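Undergrad: My structure is below; once you've seen it, I'll send some questions.
The values are calculated or read from the model by the stated rules, or taken from the named source; none is laboratory data. Since we're looking at a predicted model, the values are computed, not measured. Because the Cβ atoms are built from the backbone with ideal geometry, glycine has one as well, and the counts that use them run over all protein chains shown. In case anyone asks, the SASA skips ligands and DNA or RNA and just uses the protein heavy atoms, side chains included. Shrake-Rupley method; radii C 1.70, N 1.55, O 1.52, S 1.80 Å.
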Amino acid sequence: MEELVERFFNGDTTTAEEARLYRLFRRKRLPAELERMRPMFAAFASMQCEEPRRVAIMRTLRRAAIGTAAALAITLCLTLYANFREDRTLARLYGGSYVIENGRRIDDLSSIREDIEQTLDDARRIESRTHHDFIDNAEQEVLDNITDPEMQKEVEQMLNE
(Lines give C-alpha, C1' and ligand atoms only; values in the text may rest on other atoms or scores of the structure.)
Protein backbone atom coordinates (compact mmCIF):
# COMPACT_ATOMS: atom_id res chain seq x y z
CA MET A 1 0.00 0.00 0.00
CA GLU A 2 2.89 2.35 0.83
CA GLU A 3 4.46 1.56 -2.54
CA LEU A 4 1.19 2.43 -4.28
CA VAL A 5 1.02 5.73 -2.36
CA GLU A 6 4.59 6.51 -3.41
CA ARG A 7 3.78 5.74 -7.07
CA PHE A 8 0.69 7.96 -6.73
CA PHE A 9 2.80 10.94 -5.61
CA ASN A 10 5.26 10.27 -8.45
CA GLY A 11 2.38 10.31 -10.93
CA ASP A 12 2.96 6.69 -11.98
CA THR A 13 -0.45 5.21 -11.11
CA THR A 14 -3.27 4.35 -13.43
CA THR A 15 -6.81 5.58 -12.83
CA ALA A 16 -7.76 2.08 -11.66
CA GLU A 17 -4.93 2.10 -9.13
CA GLU A 18 -5.95 5.57 -7.94
CA ALA A 19 -9.53 4.36 -7.44
CA ARG A 20 -8.14 1.45 -5.44
CA LEU A 21 -6.18 3.89 -3.26
CA TYR A 22 -9.28 5.98 -2.62
CA ARG A 23 -11.16 2.85 -1.55
CA LEU A 24 -8.29 1.81 0.76
CA PHE A 25 -8.26 5.19 2.48
CA ARG A 26 -12.01 4.90 3.16
CA ARG A 27 -11.38 1.89 5.41
CA LYS A 28 -11.94 2.34 9.12
CA ARG A 29 -8.49 1.06 10.06
CA LEU A 30 -5.28 2.14 8.41
CA PRO A 31 -1.65 1.72 9.39
CA ALA A 32 -0.56 4.64 11.59
CA GLU A 33 1.93 6.00 9.04
CA LEU A 34 -0.88 6.27 6.44
CA GLU A 35 -3.55 7.62 8.79
CA ARG A 36 -2.21 11.16 8.47
CA MET A 37 -2.84 11.03 4.67
CA ARG A 38 -6.50 10.04 5.03
CA PRO A 39 -7.91 13.63 4.72
CA MET A 40 -5.80 14.31 1.64
CA PHE A 41 -6.94 11.11 -0.13
CA ALA A 42 -10.54 11.83 0.89
CA ALA A 43 -10.19 15.20 -0.86
CA PHE A 44 -8.68 13.56 -3.95
CA ALA A 45 -11.47 10.98 -3.95
CA SER A 46 -14.11 13.72 -3.82
CA MET A 47 -12.59 15.26 -6.96
CA GLN A 48 -12.60 11.96 -8.79
CA CYS A 49 -14.67 12.28 -11.94
CA GLU A 50 -16.58 9.10 -12.52
CA GLU A 51 -19.29 9.49 -15.09
CA PRO A 52 -22.63 7.99 -14.22
CA ARG A 53 -23.38 4.60 -15.75
CA ARG A 54 -26.24 6.05 -17.77
CA VAL A 55 -23.91 8.59 -19.44
CA ALA A 56 -21.45 5.81 -20.33
CA ILE A 57 -24.26 3.70 -21.79
CA MET A 58 -25.59 6.65 -23.81
CA ARG A 59 -22.09 7.39 -25.12
CA THR A 60 -21.71 3.75 -26.22
CA LEU A 61 -25.14 3.75 -27.86
CA ARG A 62 -24.36 7.01 -29.65
CA ARG A 63 -21.10 5.56 -31.00
CA ALA A 64 -22.92 2.42 -32.12
CA ALA A 65 -25.59 4.51 -33.86
CA ILE A 66 -22.97 6.63 -35.61
CA GLY A 67 -21.11 3.51 -36.73
CA THR A 68 -24.32 1.92 -38.02
CA ALA A 69 -25.27 5.11 -39.86
CA ALA A 70 -21.81 5.27 -41.44
CA ALA A 71 -22.02 1.62 -42.53
CA LEU A 72 -25.46 2.20 -44.04
CA ALA A 73 -24.26 5.33 -45.84
CA ILE A 74 -21.28 3.45 -47.30
CA THR A 75 -23.53 0.54 -48.36
CA LEU A 76 -25.98 2.93 -49.99
CA CYS A 77 -23.20 4.74 -51.85
CA LEU A 78 -21.68 1.48 -53.07
CA THR A 79 -25.10 0.25 -54.24
CA LEU A 80 -25.82 3.50 -56.08
CA TYR A 81 -22.38 3.44 -57.67
CA ALA A 82 -22.83 -0.19 -58.77
CA ASN A 83 -26.20 0.66 -60.36
CA PHE A 84 -24.71 3.73 -62.06
CA ARG A 85 -21.80 1.68 -63.36
CA GLU A 86 -24.13 -1.06 -64.66
CA ASP A 87 -26.27 1.55 -66.44
CA ARG A 88 -23.16 3.03 -68.07
CA THR A 89 -21.97 -0.43 -69.14
CA LEU A 90 -25.39 -1.24 -70.62
CA ALA A 91 -25.46 2.10 -72.44
CA ARG A 92 -21.98 1.48 -73.84
CA LEU A 93 -22.82 -2.07 -74.96
CA TYR A 94 -26.43 -1.70 -76.06
CA GLY A 95 -27.00 2.05 -76.44
CA GLY A 96 -29.79 2.75 -78.93
CA SER A 97 -31.26 -0.73 -78.61
CA TYR A 98 -34.96 -1.21 -78.06
CA VAL A 99 -37.63 -3.90 -78.09
CA ILE A 100 -41.16 -3.66 -79.41
CA GLU A 101 -43.66 -5.57 -77.28
CA ASN A 102 -47.40 -5.36 -77.92
CA GLY A 103 -46.84 -2.39 -80.20
CA ARG A 104 -44.95 -0.48 -77.51
CA ARG A 105 -41.30 0.55 -77.84
CA ILE A 106 -39.25 -0.29 -74.75
CA ASP A 107 -35.78 1.23 -74.56
CA ASP A 108 -35.04 0.85 -70.84
CA LEU A 109 -31.80 -1.12 -71.19
CA SER A 110 -31.95 -2.70 -67.76
CA SER A 111 -35.39 -4.17 -68.47
CA ILE A 112 -34.58 -5.40 -72.00
CA ARG A 113 -31.04 -6.58 -71.30
CA GLU A 114 -32.03 -10.28 -71.26
CA ASP A 115 -33.91 -9.90 -74.57
CA ILE A 116 -30.87 -8.24 -76.17
CA GLU A 117 -28.48 -10.89 -74.87
CA GLN A 118 -30.79 -13.71 -76.02
CA THR A 119 -31.01 -12.13 -79.48
CA LEU A 120 -27.22 -11.82 -79.66
CA ASP A 121 -26.80 -15.48 -78.61
CA ASP A 122 -29.29 -16.55 -81.29
CA ALA A 123 -27.41 -14.48 -83.89
CA ARG A 124 -24.10 -16.11 -82.90
CA ARG A 125 -25.62 -19.59 -83.21
CA ILE A 126 -27.09 -18.78 -86.63
CA GLU A 127 -23.81 -17.27 -87.79
CA SER A 128 -21.87 -20.32 -86.61
CA ARG A 129 -24.29 -22.70 -88.29
CA THR A 130 -24.25 -20.66 -91.51
CA HIS A 131 -20.47 -20.54 -91.46
CA HIS A 132 -20.24 -24.35 -91.12
CA ASP A 133 -22.88 -24.85 -93.84
CA PHE A 134 -20.99 -22.48 -96.16
CA ILE A 135 -17.72 -24.37 -95.61
CA ASP A 136 -19.41 -27.75 -96.08
CA ASN A 137 -21.03 -26.53 -99.31
CA ALA A 138 -17.74 -25.10 -100.61
CA GLU A 139 -15.92 -28.34 -99.86
CA GLN A 140 -18.59 -30.37 -101.61
CA GLU A 141 -18.47 -28.05 -104.61
CA VAL A 142 -14.69 -28.50 -104.86
CA LEU A 143 -15.07 -32.27 -104.67
CA ASP A 144 -17.83 -32.27 -107.29
CA ASN A 145 -15.59 -30.36 -109.71
CA ILE A 146 -12.74 -32.88 -109.48
CA THR A 147 -13.13 -35.37 -112.34
CA ASP A 148 -10.30 -37.72 -111.42
CA PRO A 149 -11.66 -40.25 -108.83
CA GLU A 150 -8.25 -40.82 -107.21
CA MET A 151 -7.60 -37.11 -106.86
CA GLN A 152 -11.11 -36.69 -105.47
CA LYS A 153 -10.39 -39.32 -102.76
CA GLU A 154 -7.09 -37.63 -101.80
CA VAL A 155 -8.73 -34.20 -101.50
CA GLU A 156 -11.61 -35.68 -99.49
CA GLN A 157 -9.14 -37.31 -97.09
CA MET A 158 -7.30 -34.00 -96.65
CA LEU A 159 -10.54 -32.16 -95.97
CA ASN A 160 -11.61 -34.73 -93.36
CA GLU A 161 -8.33 -34.54 -91.40
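Undergrad: Classify the stretch 1-45: rounded, prolate or oblate, from the alpha-carbon gyration tensor (a ≥ b ≥ c, eigenvalue square roots; a/c under 1.5 rounded; otherwise prolate if a/b is larger than b/c)?
TA: Since a/c reaches 1.5 and a/b is larger than b/c, the shape of the stretch 1-45 is classed as prolate.
Undergrad: Kirkwood Rh, the chain, all Cα pairs: how many Å?
TA: 26.1 Å
Undergrad: Right, here's the next one. So, with a 1.4 angstrom probe, what is the percent of accessible area on the chain that is carbon and sulfur?
TA: That fraction is 53 percent.
Undergrad: Which part of the stretch 102-135 falls in the paramagnetic zone of Tyr94, meaning amide N under 18 Å from the point 7 Å along Cα-to-beta-carbon?
TA: 102-125
Undergrad: Oh, and also: Sorted from largest to smallest, which semi-axis lengths in Å does the alpha carbon gyration tensor of the stretch 44-139 give for its equivalent ellipsoid, taking the root of 5 times each eigenvalue?
TA: Equivalent-ellipsoid dimensions as semi-axes: 64, 17, 9 Å.
Undergrad: Further, regarding this structure: ³J(HN,Hα) across the stretch 76-89 via Karplus (A = 6.51, B = -1.76, C = 1.60, θ = phi - 60°), whole Hz, x for Gly/Pro?
TA: 4, 4, 5, 5, 4, 5, 4, 5, 4, 5, 5, 4, 5, 5
Undergrad: Taking Cα atoms of the stretch 1-78, Rg/Rh with Kirkwood Rh, to two decimals?
TA: Working: Rg = 20.6 Å, Rh = 15.6 Å.
Ratio of gyration radius to Kirkwood radius for the stretch 1-78: 1.31.
Undergrad: Would you mind telling me which residue in Arg113, Arg29, Arg125 has the biggest mean-square fluctuation in a Gaussian network model of the chain, where springs connect alpha carbons within a distance under 10 angstrom?
TA: Fluctuation is largest for Arg29.
Undergrad: Same structure, new question: When the chain is treated as a GNM, springs tying every alpha-carbon pair under 10 Å, which of Leu72, Leu109, Leu24 comes out with the largest mean-square fluctuation?
TA: Maximum among the listed residues: Leu24.
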